[in-house]
Amino acid sequence: NAGVTQTPKFQVLKTGQSMTLQCAQDMNHNSMYWYRQDPGMGLRLIYYSASEGTTDKGEVPNGYNVSRLNKREFSLRLESAAPSQTSVYFCASSEIRAEKLFFGSGTQLSVL
Amino acid sequence: EDKVVQSPLSLVVHEGDTVTLNCSYEVTNFRSLLWYKQEKKAPTFLFMLTSSGIEKKSGRLSSILDKKELFSILNITATQTGDSAIYLCAVEPPTSYGKLTFGQGTILTVHP
């Protein structure tokens, strides 16, 4: 039982490049989330998907797009990476009425 | 806009000390307040608090919520080096499970 799996674990991009962060969960959860973590700022919600087929913006959605491919998978895309998107990205999932989130192990992204 | 503030931002103690971490919030309405521990990678769940004045305990860790004064504390007694981590506080809105607003986190370092 892997829980929430994110790939890649590390990535270095040049400004303007694009990439997709992948996330998959095997807990049959309905809801999935993308957070970013920056020093001194805690975690901030980028996008979330309350259920398969739906997505919605969180606190900091600019510069990102998401796709809820199916119930298991939720991807985050950076179309044109900027240095301000250098961060650690966490995917998470939960049941609709869960008490807590389950987090993936994170993706450390650097944009030069 | 919901706001969660943690203090102190960092704390250095020696093994055996007792620490109190603070979380105050400016949130008009919320379903629960949660505490997470983050070591090297993903945050892991510690406590969920929904009612004021009821202490939750798990071993050497305990937490309580004061809804009147809008804060929560996390206590760790007889600290160990394994308690070194970032401790995150978050509030969950009443209708959107998992859409957490996090505080900045408290970095706890426990020296032997």
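The values are calculated or read from the model by the stated rules, or taken from the named source; none is laboratory data. Since the structure is predicted, the reported quantities are computational estimates derived from the model, not experimental observations. Every residue, glycine as well, gets a Cβ built from its backbone with ideal geometry; the counts of neighbours run over all protein chains shown. Surface areas here come from the heavy atoms of the whole protein model, side chains and all, with no ligands, DNA or RNA. Shrake-Rupley method; radii C 1.70, N 1.55, O 1.52, S 1.80 Å.
Mind checking which residues of segment B:74-85 are surrounded by 18 or more Cβ atoms within 10 Å (Cβ to Cβ) and of a type outside the set (Asp, Glu)?
Correct list: B:Leu74, B:Ile76, B:Thr79, B:Ala85.
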**Qualifying residue in segment B:23-42 (condition: at the interface with chain A (Cβ under 10 Å from one of its Cβ atoms), of a type in the set (A, V, I, L, M) and either surrounded by 15 or more Cβ atoms within 10 Å (Cβ to Cβ) or at negative phi (or both))** = yes
**Asked** Wholly within segment B:34-112, which strands (runs of 3 or more DSSP E) include no fewer than the required count, namely at least 3 residues that are touching a helix residue (DSSP H, G or I) at 6+ places or on another chain (Cβ under 8 Å) and within 16 Å of B:Lys3 (Cα to Cα)?
**Response** none
**Message:** For the list (1) surrounded by fewer than 17 Cβ atoms within 10 Å (Cβ to Cβ); (2) under 30 Å from A:Ser51 (Cβ atoms); (3) touching a Leu at 6+ places or on another chain (Cβ under 7 Å), I need the number of the one condition that B:Met48 fails.
**Reply:** (1)
**Request:** Look at B:Ala78 and say whether it is of a type outside the set (Phe, Trp, Tyr) and at pLDDT 95 or above.
**Result:** yes
**Qualifying positions in segment B:86-109 - open to solvent by less than 10 Å² (accessible area, probe 1.4 Å) and closer than 19 Å to B:Leu9 by Cα** = B:Tyr87, B:Leu88, B:Cys89, B:Ala90, B:Val91, B:Gly103, B:Gly105, B:Thr106, B:Leu108
**Prompt:** So which residues in segment B:1-33 are among the charged types (D, E, K, R) and in a strand (DSSP E or B), if there are any at all?
**Reply:** B:Lys3, B:Glu26
**Request:** Go through (1) away from every other protein chain (no Cβ under 14 Å); (2) surrounded by 14 or more Cβ atoms within 10 Å (Cβ to Cβ); (3) more than 23 Å from A:Gly3 (Cβ to Cβ) and name the single condition B:Leu61 misses.
**Result:** (3)
**Asked** Tell me, which residue of segment A:1-18 that is crowded, with 17+ Cβ neighbours inside 10 Å and within 16 Å of A:Leu78 (Cα to Cα) is farthest from the other protein chains (Cβ to nearest Cβ)?
**Response** A:Leu13
**Prompt:** Of all residues in segment A:52-88 being within 14 Å of another protein chain (Cβ to nearest Cβ) and open to solvent by 40 Å² or more (accessible area, probe 1.4 Å), which is farthest from B:Thr95 (Cα to Cα)?
**Reply:** A:Val88
**Asked** Is it the case that segment A:36-44 has a residue that's more than 12 Å from the chain's Cα centre (by Cα), surrounded by 15 or more Cβ atoms within 10 Å (Cβ to Cβ), on the phi > 0 side of the Ramachandran plot and at pLDDT below 95?
**Response** yes
